[in-house]
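Read the structure below first, then the notes.
The values are calculated or read from the model by the stated rules, or taken from the named source; none is laboratory data. Model, not experiment: these values are computed from the prediction. Here the Cβ is made from the backbone with ideal geometry for all residues, glycine too, and neighbour counts use every protein chain on show. These accessible areas exclude ligands, DNA and RNA; they are computed on the full protein's heavy atoms, side chains included. Shrake-Rupley method; radii C 1.70, N 1.55, O 1.52, S 1.80 Å.
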Amino acid sequence: MKRMSISELNEILVKATLSAREEAKMNGVPIVYEENEKMIKEYPNGRKTEIIFDENGKKTEIEYP
């Protein structure tokens, strides 16, 4: 079995991520990811919210620009 280079592995990971995002959107499922050190939830219609947990673990979502 041939060893993969870091660039080949990165290319595979990028393609897998894009595929998963497209599949989630087609199925009407939001995706969650980190952006600017914040947890972001993106809905299939493009709307984004920031997910925040307080010290008690209570989750709040606020609009994200």
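Observations on the structure shown:
- Within the range 1-20, the set of residues being more than 11 Å from the chain's Cα centre (by Cα) and in a helix (DSSP H, G or I) comprises ILE6, SER7, GLU8, LEU9, ASN10, GLU11, ILE12, LEU13, VAL14, LYS15, ALA16, SER19.
- When GLU23 is tested against (1) outside any helix (DSSP H, G or I); (2) acidic (Asp, Glu); (3) open to solvent by 100 Å² or more (accessible area, probe 1.4 Å), just one condition goes unmet, and that condition is (1).
- For the range 31-53, a residue qualifies if it is surrounded by fewer than 14 Cβ atoms within 10 Å (Cβ to Cβ) and either of a type in the set (Lys, Arg) or on the phi > 0 side of the Ramachandran plot (or both), and the qualifying residues are ASN36, GLU37, LYS38, GLY46, ARG47.
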